[in-house]
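The values are calculated or read from the model by the stated rules, or taken from the named source; none is laboratory data. Just so it is clear, the structure is predicted and the values come from calculations on it, not from any experiment. Backbone-built Cβ (ideal geometry, glycine too); neighbour counts: all protein chains shown. Just the protein is used for accessible areas: all its heavy atoms, side chains included, with ligands, DNA and RNA removed. Shrake-Rupley method; radii C 1.70, N 1.55, O 1.52, S 1.80 Å.
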Amino acid sequence: MEKNFLTAQEANKKAKNYSGIDIICRRIEDAAGVGFFKTSFLNILPQDKTKLEMLGFTVLENPNDKFPYTVSWE
């Protein structure tokens, strides 16, 4: 059985190109669908924060919270 290993260089390239915006948008849609006006996240990348703000969302950072990012749309 052959295993394919990911090199550190390949992992670094994948990580730099990663965006969680699809997951974030699905969670926002789920929250809005049940009547919420905000949802919290453990992590939001800077480029995703910028995209959300361009779409009209407010992204707050709460460093002392269990989920330090809150996205709201009210």
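What number of residues within the stretch 54-67 are surrounded by 10 or more Cβ atoms within 10 Å (Cβ to Cβ) and outside any loop (DSSP other than H, G, I, E, B)? It would help to see each step written out before you state the result.
Within the stretch 54-67, the first condition is being surrounded by 10 or more Cβ atoms within 10 Å (Cβ to Cβ), and the residues that meet it are 55, 57-62, 65, 67.
So of that shortlist, the ones also outside any loop (DSSP other than H, G, I, E, B) come out as 58-61.
So the count comes out to 4.
Return only the number of the condition from (1) hydroxyl-bearing (Ser, Thr, Tyr); (2) open to solvent by 100 Å² or more (accessible area, probe 1.4 Å); (3) touching a helix residue (DSSP H, G or I) at 6+ places or on another chain (Cβ under 7 Å) that TYR18 does not satisfy.
With respect to (1) hydroxyl-bearing (Ser, Thr, Tyr); (2) open to solvent by 100 Å² or more (accessible area, probe 1.4 Å); (3) touching a helix residue (DSSP H, G or I) at 6+ places or on another chain (Cβ under 7 Å), TYR18 is out only on (3).
Is there any pair linking a residue in the stretch 55-67 that is under 20 Å from CYS25 (Cα atoms) to one that is among the hydrophobic types (A, V, I, L, M, F, W, C) and open to solvent by 100 Å² or more (accessible area, probe 1.4 Å), with Cβ under 6 Å and at least six apart or on different chains, and which?
PHE67/LEU42
For residues that are in contact (Cβ under 8 Å) with a residue 12 or more places away in the chain and over 27 Å from ALA15 (Cβ atoms), scanning just the stretch 27-42, find the one that is least open to solvent (accessible area, probe 1.4 Å). Quick ask: steps written out before the conclusion?
Within the stretch 27-42, the first condition is being in contact (Cβ under 8 Å) with a residue 12 or more places away in the chain, and the residues that meet it are 27-28, 32, 37-42.
The next check asks that each one be over 27 Å from ALA15 (Cβ atoms); those that pass are 32, 37-38.
Details: ALA32: 51, PHE37: 109, LYS38: 130 Å².
For the stretch 27-42, the residue satisfying everything is ALA32.
So THR39 clears everything in (1) out of contact with any Leu (no Cβ under 8 Å at 6 or more places or on another chain); (2) assigned to a helix (DSSP H, G or I) except one condition, right? Which one?
So the condition that THR39 fails would be (2).
Quick check: anything in the stretch 43-53 in a loop (DSSP other than H, G, I, E, B), among the hydroxyl-bearing types (Ser, Thr, Tyr) and open to solvent by 50 Å² or more (accessible area, probe 1.4 Å)? Walk me through it before giving the result.
Here is the first cut: in the stretch 43-53, the residues in a loop (DSSP other than H, G, I, E, B) are 43-45.
With the extra rule that they be among the hydroxyl-bearing types (Ser, Thr, Tyr), the set shrinks to none.
No, that holds for no residue.
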